[in-house]
Structures are given as C-alpha cells and as structure tokens.
Amino acid sequence: MKSFFFQIFFALFANVCYSQNDNLFYESEEDFKAEMAKVKPNYRWMGTVGRMVADDMKLKYHKPKGFYQDGSSECFDEYPKLWATFTCMGPQLHSKDGQFISFLVFPRILTEEIQESQSQVFPQLAGDWVDKQHYQQMRAKIRNYYGEGIGESWRDSITAYSAEDTHRKFNADSAFTFTLHLRPADYYKKDFKHVKVLLIQRGGRGYAYICSFYTDKAKAKFDKCWRRIEKTLRYKD
C-alpha cells in the first residue's frame, strides 16, 4: 500500500512537461506572451518552464556543441512501456547527426505549501520530500520499466558520481546515472535502442534529469556525446 501511495504522489508531482505549445494552458495569448516575456532569452526555447529553471531552480543551461534545440514534448503514445516509465518529457536536444536525443526534465519543486497540501490527502507521505523525491523517482522509473519483480535490486542500475565530480561538474549535492536496457518492442523510433539518464540534485532547489536515447551508431562514440550532455545543466552559486 505504501508503494501505491508513492506512485500516485510522484505521478502527480514529479514530472512537469512543457512545450512550445504551452500557451494552451493560459487563458489568453496575451497572458502567455506576458509570461514568456519574463523568461530569459537563453531559456525561451523551453517555453514557460524556462523561467522556473533559471529563477526557481537556479540552473544554468548551456547548449551542447553538435546539438540543436527542439522545444516540443514527447508522450510516447506508440510506446506503452515508455509512457508508463516516463509519461511525457520535453524539451529536447538532438544531435546533428540524428543519432542522439536527450530530453530535459524539470520536476516541480515540492514547496512547503505543496507538501502540506499533499500530506492532508496522503498522510503516509507527510514529511520533508524536497530533498528525497529524486531518489524515489529513480526507484519508480527503474521499477516501472522492469516491473515490481526487480525488487530492491533496482539499486544495482544506479551509479553515483563522486562528491568531487558532483561539485566540479554540476555544482550539485548529488548526481547519478542509470541505464535501461530496452526490449525490442520499446525501441524508440525503431533505431534508438539505448537509454541513459543523468540526474542532478541540490538541497532545497529540487532536481533535474536528462534522459538520453541513442542508436547503435551513437553508442560507438558515446563518451564524446556524453561529455557534452554533462555540461548542459549546472546549478548556480
């Protein structure tokens, strides 16, 4: 039962998906334009989420070399298992050779107001989750893909950066990667067979992750692409 409440809670508040069409969520075009005007130029391709990234989470974005930006989202309508694992993700970065796609995801920060509201609905979840939600999200995604039968061995899929590398590369408090070994039925756009996720977190400022899909061709030069992806997001001082 506890696991069920975790799944409901994080399904509601973990992933916030935005796209260039997020003006659909505003009452008028004028309201959307007014909100977009508050977004720093370097973040406008992300839509209105760019304001949260730059101002609330205080993340610095750097466009990786050899990639182009795509502000749209992906909900994996044709891939039930990917939808169950990731729901919707966006915005996107595409390598210019078409072999590597990375989705930038900025989950909603669990403010005191949100936590208080949810603890009234789910008393089992009462407590300070702002600096714990990233760990539960990794658990949820790995177990959603492989199934509950994986049990506690989901931890074996995670690799933690050293404290030194976490600070040097991301100015974060914690950083992790995990991979998913996709089944053929889940190959994204037929050729994207591999998934690796980079997650960074800083106390009080939430977490973000970059979910990368790549082909066999990209796997042969993976380290080069990955070094560029690692430079995409960094917490400001």
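Miscellaneous remarks
- Compactness relative to 2.2 N^0.38 Å, alpha carbon Rg of segment 175-237: 1.27
- Working from label points 7 Å from Cα in the Cα-to-Cβ sense, the Arg108 to Lys190 distance is 3.8 nm.
- Percent carbon-and-sulfur accessible area, segment 24-104, ignoring ligands, DNA and RNA, probe 1.4 Å: 52 percent
- Efficiency of FRET between Thr159 and Glu78 - r from beta-carbon atoms, R0 35 angstrom, step 0.05: 0.70
- Positive contributions from Lys and Arg (+1) and negative ones from Asp and Glu (-1), summed over other residues with Cβ under 13 Å from the Cβ of Lys193, come out at +3.
- Label-point gap, in nm, between Phe222 and Thr179 - each point 7 angstrom along Cα→Cβ: 0.3 nm
- Converting the Cα gyration tensor eigenvalues of segment 55-98 into ellipsoid dimensions via √(5λ) gives semi-axes, longest first, of 23, 17, 8 Å.
- Residue pairs, from the table Lys38/Lys196; Lys33/Lys193; Lys132/Lys236, whose Cα atoms sit over 28 Å apart: Lys38/Lys196; Lys33/Lys193
The values are calculated or read from the model by the stated rules, or taken from the named source; none is laboratory data. Worth saying up front: this structure is predicted, and the values here are computed from it rather than measured. Don't worry about glycine lacking a Cβ; one is built from the backbone with ideal geometry, like all the others, and counts go over all protein chains shown. The area values use the complete protein model at the heavy-atom level, side chains included, leaving out ligands, DNA and RNA. Shrake-Rupley method; radii C 1.70, N 1.55, O 1.52, S 1.80 Å.
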